[in-house]
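Structure first, then comments.
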Amino acid sequence: MEVPFYTAPLPALTTMQMIAVDRAMIEDYGIDLIQMMENAGRNLAHLARARFLGSDPRGQKVVVLAGTGGNGGGALVCARWLHNYGADVRVIVTRPDGDFAPVPAHQLAILRRMDVPVTLAEEVEAEGDTATSPMDAASALSASVLIIDGLIGYSLQGSPRGAAAHLIRWANRQPAPILALDVPSGLDATTGQVYEPAIKAAATMTLALPKVGLLAGETEVAVAHVGELYLADISVPPALYARPPLQLTVGPIFAASDIVRVR
């Protein structure tokens with residue numbers, strides 16, 4: 001898959017505007033969260049395959065980091081697709097299964113039925129790049145060729161804490177590139193502020209429309225954490241953007257491809 005550049009002007013959304021988009025998708029159009037999550041995760045897997053896995057994921061080791069909310073759910077969908085493509089996928093979650101929101105919990109349950117290895121963040125050593133058995137990750141994690149960041153999405157409020165902060169620091173120590181979903185964990189989607197810690201991504205695949213913090217925060221620090229910037233379709237009707245409260249003019253961005261490169 002060759003990802004085309006999108007060169008036409010694009011509006012960008014704040015966190016509050018993206019919340020309004022998600023609400024309208026569900027309440028006004030009947031496009032459920034599970035559908036949006038599937039679109040996000042499938043496109044993330046497609047980008048991972050094309051950009052980082054040489055278009056052939058078979059046997060390649062991928063670590064997927066997943067939080068308990070929607071961003072984590074999208075990463076878990078990506079894990080399922082990459083597993084189906086033949087990649088050696090390992091998932092690390094921030095919390096036990098019972099702490100996940102309902103739709104991400106559904107995605108996690110599917111992975112468990114597929115026998116995809118899942119472990120808790122607390123089992124990843126604080127200072128090393130290994131984890132304890134059950135993942136036997138002394139080799140599995142350190143030999144990974146790609147890390148997927150699905151820890152925190154646009155709902156970030158202040159510096160990451162706890163298990164998410166621990167996994168961000170772990171991921172940034174690894175030699176493998178990081179592909180972030182929607183927003184690199186630890187970067188504010190509205191202001192572009194980079195908190196401590198924050199994922200330093202080789203590439204970020206944002207959803208629907210770019211977030212203001214990914215574009216307006218054009219500081220060297222923010223750009224270094226976002227990396228290459230891609231935009232993926234989650235099936236938002238263009239007419240949704242034209243309605244209040246957004247009142248934006250958005251054309252068929254994805255006419256040529258479900259994923260476009262923005263920067």
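Every number here is computed from the coordinates shown, using simple stated rules; none is lab data. Being a predicted model, the structure only gives us computed values, none of them experimental. Cβ sites come from the backbone with ideal geometry, for glycine too, and all protein chains shown count toward neighbours.
Figures for the structure shown
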{"read-out": "Rough spin-label spacing in nm, given labels placed 7 Å along Cα→Cβ, for ASP99 and SER159", "value": "1.9 nm"}
{"read-out": "For ASP88, residues with placed amide H under 5 Å, excluding near neighbours", "value": "GLY59, GLN60, LYS61, VAL62"}
{"read-out": "Inter-site label distance for ALA8 and GLU125 at 7 Å from Cα along Cβ, in nm", "value": "5.2 nm"}
{"read-out": "Formal net charge of residues neighbouring LEU47 (Cβ-Cβ distance under 11 Å; K, R +1; D, E -1)", "value": "+2"}
{"read-out": "Gain upon complete extension [THR191, ALA50; 0.36 nm per residue less C-alpha separation]", "value": "47.7 nm"}
{"read-out": "Helix axis angle, 15-27 relative to the chain longest principal axis, alpha carbon, degrees", "value": "80 degrees"}
{"read-out": "Rounded to the nearest 20 debye, dipole of the chain from Cβ charges on Lys, Arg, Asp, Glu", "value": "280 debye"}
{"read-out": "Of THR119, LEU229, ILE168, farthest towards positive along the dipole that unit charges on Lys, Arg, Asp, Glu beta carbons give the chain", "value": "LEU229"}
{"read-out": "Theoretical FRET efficiency, 1/(1+(r/R0)^6), r = Cβ-Cβ of ALA255 and MET1, R0 22 Å, to 0.05", "value": "0.90"}
{"read-out": "Formal net charge of residues neighbouring LYS61 (Cβ-Cβ distance under 10 Å; K, R +1; D, E -1)", "value": "0"}
{"read-out": "Scattering profile of region 15-261 at q = 0.14 Å⁻¹ [log10 I(q)/I(0), Debye over alpha-carbon scatterers]", "value": "-0.86"}
{"read-out": "With Cα atoms, 0 to 90° folded angle of helix 70-84 axis to the chain main axis", "value": "60 degrees"}
{"read-out": "In degrees, nearest ten, helix 102-113 long axis to first principal axis of the chain (Cα)", "value": "40 degrees"}
{"read-out": "Cβ-based exposure ranking for TRP81, TRP170, in which fewest neighbours within 10 Å come first", "value": "TRP81, TRP170"}
